[in-house]
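> Please find one structure pasted underneath; my questions will follow.
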Amino acid sequence: IAVLFFMGLSLSSFSQNAKSAIIKGNKAYKANNYEAAEDQYRDALKNSENNFTADYNLGNALYKTNKTDEAVKSYDNAIANTTDSSVKQKAFYNKGVAYQKEKKLPDCISAYKSALLLNPNDEDARQNLQRALKEEEKQKQNQQQKQNQNQNQQNKKKQQPKDQPQNNQQKNNEP
């Protein structure tokens, strides 16, 4: 997960406060102070609501602090607020990483596929997609095995003789 450092963006579209907050956030992120970075990126978004750089970087800081659901929302915002296919591709890739961490494999697979559509040469996305597909297949096999075991147990119960109550008393009219 990489932090965007303005990637040749026109800084004139950013307010000075947002720009300053992103720079401070990037410094905190580089120092592994992800909570401080999160605060700075949120400040940048207060000053420039649709700032995809702040959204993307916020997603990375949130991911680093194990707030993966919030990270995914930030990546979605970055994707929605940019026309730069490189930024979109990286955000989709990072969504895939976040979903994979949470074992949300269908969402993970979808995110990696979207990343690969934007950059078919991304080997990391391709390898992660393969891992996710293998894990999904393994989960399906495990579910099938469990279903088969449950069905076998039910069949065994049906095949067993029913317990009959025993009556040890002699009938009155027997010799």
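The values are calculated or read from the model by the stated rules, or taken from the named source; none is laboratory data. All values reported here derive from a predicted model rather than from experimental measurement. In this analysis, Cβ positions are derived from the backbone assuming ideal geometry, glycine residues included, and neighbour counts consider all displayed protein chains. In case anyone asks, the SASA skips ligands and DNA or RNA and just uses the protein heavy atoms, side chains included. Shrake-Rupley method; radii C 1.70, N 1.55, O 1.52, S 1.80 Å.
> Collect the residues in the stretch 18-35 that are assigned to a helix (DSSP H, G or I), surrounded by fewer than 16 Cβ atoms within 10 Å (Cβ to Cβ) and within 24 Å of the chain's Cα centre (by Cα), keeping them in residue-number order.
If the condition is that a residue be assigned to a helix (DSSP H, G or I), surrounded by fewer than 16 Cβ atoms within 10 Å (Cβ to Cβ) and within 24 Å of the chain's Cα centre (by Cα), then Lys30, Glu35 are the ones that fit.
> Now for a separate question. Under 6 Å by Cβ, and 6 or more places apart or on different chains, what pairs join a residue from the stretch 29-50 that is free of Cβ contacts under 8 Å to residues at least 60 places away in the same chain with one that is buried (at least 16 other Cβ atoms within 10 Å of the Cβ) and of a type in the set (Val, Ile, Thr)?
Tyr29/Val3; Ala44/Ile22
> Collect the residues in the stretch 111-125 that are in contact (Cβ under 8 Å) with a residue 12 or more places away in the chain, part of a helix (DSSP H, G or I) and not hydrophobic (A, V, I, L, M, F, W, C), keeping them in residue-number order.
So in the stretch 111-125, the residues in contact (Cβ under 8 Å) with a residue 12 or more places away in the chain come out as 111-116, 118-119, 122, 124-125.
From what's left, part of a helix (DSSP H, G or I): 111-116, 118, 124-125.
Of everything in the stretch 111-125, those that are in contact (Cβ under 8 Å) with a residue 12 or more places away in the chain, part of a helix (DSSP H, G or I) and not hydrophobic (A, V, I, L, M, F, W, C) turn out to be Tyr112, Lys113, Ser114, Asp124.
> How about the stretch 36-62: which of its residues are more than 25 Å from Phe92 (Cβ to Cβ) and open to solvent by less than 50 Å² (accessible area, probe 1.4 Å)?
Our first condition is that a residue be more than 25 Å from Phe92 (Cβ to Cβ); within the stretch 36-62, this holds for 36, 39, 43, 46-47.
The one that is more than 25 Å from Phe92 (Cβ to Cβ) and open to solvent by less than 50 Å² (accessible area, probe 1.4 Å): Ala36.
> Select from the stretch 68-93 the residues that are touching a residue at least 24 places away in the same chain (Cβ under 8 Å) and not in a helix (DSSP H, G or I) and write down the one among them that is farthest from Ala125 (Cα to Cα).
Asn81
> Here's something else I'd like to know. Considering only the stretch 85-120, how many residues are under 18 Å from Glu70 (Cβ atoms) and open to solvent by 50 Å² or more (accessible area, probe 1.4 Å)?
The number of residues fulfilling the criteria is 6.
> (1) open to solvent by 90 Å² or more (accessible area, probe 1.4 Å); (2) touching a residue at least 12 places away in the same chain (Cβ under 8 Å): which one isn't true of Lys146, the others all being true?
Just one mismatch for Lys146, condition (2).
> Does any residue of the stretch 124-132 turn out to be crowded, with 18+ Cβ neighbours inside 10 Å, modelled with pLDDT of 95 or more and closer than 25 Å to Gln40 by Cβ?
No; the residues of the stretch 124-132 include none that is crowded, with 18+ Cβ neighbours inside 10 Å, modelled with pLDDT of 95 or more and closer than 25 Å to Gln40 by Cβ.
> Oh, and also: Among the residues of the stretch 66-84 satisfying the criterion of being more than 14 Å from the chain's Cα centre (by Cα) and open to solvent by less than 60 Å² (accessible area, probe 1.4 Å), which is nearest to Leu129 (Cα to Cα)?
The selected residue is Ile79.
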